[in-house]
Amino acid sequence: MEKNASTSSLRDLGPSGLDLTSAFFKPIHNADPSLPSNRCTKISVVGVGNVGMAIAQTILTQDLADEIALVDSKPDKLRGEMLDLQHAAAFLPRTKITASVDYDVTAGSDLCIVTAGARQNPGESRLNLLQRNVALFRHIIPPLAKASPDSILIIVSNPVDVLTYVAWKLSGFPVNRVLGSGTNLDSSRFRFLIADHLDVNAQDVQAFIVGEHGDSSVALWSSISVGGIPVLSFLEKQQIAYEKQTLEDIHQSVVGSAYEVIGLKGYTSWAIGYSVANLARTILRDQRKIHPVTVLARGFYGVDGGDVFLSLPALLGRNGVVAVTNVHMTDEESEKLQKSAKTILEMQSQLEL
């Protein structure tokens, strides 16, 4: 596929194929051509399904990149999505949009976001699905790493924790430059439910879901604060009774949120689009914000036994993962996190890498 076929043919509109650019614009005299222009920010998105396009569209509307490259194995779908975005150019920040089935189009990316993944077939085991996605990643990660050796990888494909580990192994990148979207979205759902219950803005709620992006995730109730006020300690000081089951019900609502959306509309897209664009903003603009994302967890919070990737509150910046945040956990929360790590390690041990 030509990288930008819809616009390349429009350059030669004049007689005999005259390039009209020279007619419209005249160069400045005595300019120094040796000075480089400002370096462009480039983001590549692999996979143009519902999730990939929600991410690309959100990145585009939030003006986070000068160039977006799309990659997919389906050329017609890929070209259609590229054209659809290009046709909105008059309403959007100036962004070059390219697309190809060839990974060369991703060359020089600052950030590579992988959303491609096999779908689970009826009756298929989770392990078999994982093995098919590992096989797919063997065709995705090495060429991405070769085309953009200095980029940061964000894995969105599920199961995200194990596939982030796979991407790290296949890319050969240092551990700080490979992360997964993890529980960043789970934590947003958590904050929404708490904010909705208290009738406050979700941005004023701090709360983390950590561990596996899945059924064994851990809600850090001890970390919740609203407007800087720790919620559980406030309730205790005010002698306001609460039931632990109520807290567990909220966590289960978080775990079931994606299933509910999928059951209603067939897939999730917009929330993960905003979630990943939020990570891209923090990384590319070096905002040094804390996000619960999939990172190498060995040595943190008592997690050991192997190179396991799961979500922890991490400080992110221009070099990817800067540090893991030392948030307070109760003994029970720490125990659940370690159990979550064992669940993922067990799955990793069955992989054929």
Condition first: open to solvent by less than 10 Å² (accessible area, probe 1.4 Å), among the aliphatic types (A, V, I, L, M) and within 18 Å of Ile43 (Cβ to Cβ). Now tell me which residues in segment 125-164 satisfy that. Ile140, Ile141, Leu144, Ile152, Leu153, Ile154, Ile155
Tally, over segment 276-304, of residues that are outside any helix (DSSP H, G or I) and crowded, with 17+ Cβ neighbours inside 10 Å: 11
Among Ala89, Ala99, which is the only one that is more than 30 Å from Thr183 (Cβ to Cβ) and touching a Leu at 6+ places or on another chain (Cβ under 6 Å)? Ala99
Output the number of residues of segment 150-178 satisfying the condition of being of a type in the set (Ser, Thr, Tyr) and outside any loop (DSSP other than H, G, I, E, B). 3
Give me a count of the residues in segment 90-105 that are surrounded by 14 or more Cβ atoms within 10 Å (Cβ to Cβ), modelled with pLDDT of 95 or more and out of contact with any Pro (no Cβ under 8 Å at 6 or more places or on another chain). 7
So Val46 passes all but one of these: (1) modelled with pLDDT under 65; (2) open to solvent by less than 80 Å² (accessible area, probe 1.4 Å); (3) under 25 Å from the mean Cα position of the chain (by Cα). Which condition number does it fail? (1)
Given (1) buried (at least 20 other Cβ atoms within 10 Å of the Cβ); (2) within 15 Å of the chain's Cα centre (by Cα); (3) at negative phi, index of the condition Ala271 fails: (1)
Take segment 260-279 and flag every residue that is at pLDDT 95 or above and among the aromatic types (Phe, Trp, Tyr). Trp270, Tyr274
When you scan segment 308-347, how many residues do you find that are open to solvent by 40 Å² or more (accessible area, probe 1.4 Å), in a loop (DSSP other than H, G, I, E, B), touching a Phe, Trp or Tyr at 6+ places or on another chain (Cβ under 9 Å) and not β-branched (Val, Ile, Thr)? 1
Checked Phe234, Phe137 against criteria (assigned to a helix (DSSP H, G or I), in contact with a strand residue (DSSP E or B) (Cβ under 9 Å, 6 or more places away or on another chain) and at pLDDT below 90); the one match is Phe234
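The values are calculated or read from the model by the stated rules, or taken from the named source; none is laboratory data. Here the structure is a predicted model, which means the values were calculated and not measured. Cβ atoms come from the backbone with ideal geometry, glycine included; neighbour counts cover every protein chain shown. With ligands, DNA and RNA removed, areas are computed over all heavy atoms of the protein, side chains included. Shrake-Rupley method; radii C 1.70, N 1.55, O 1.52, S 1.80 Å.
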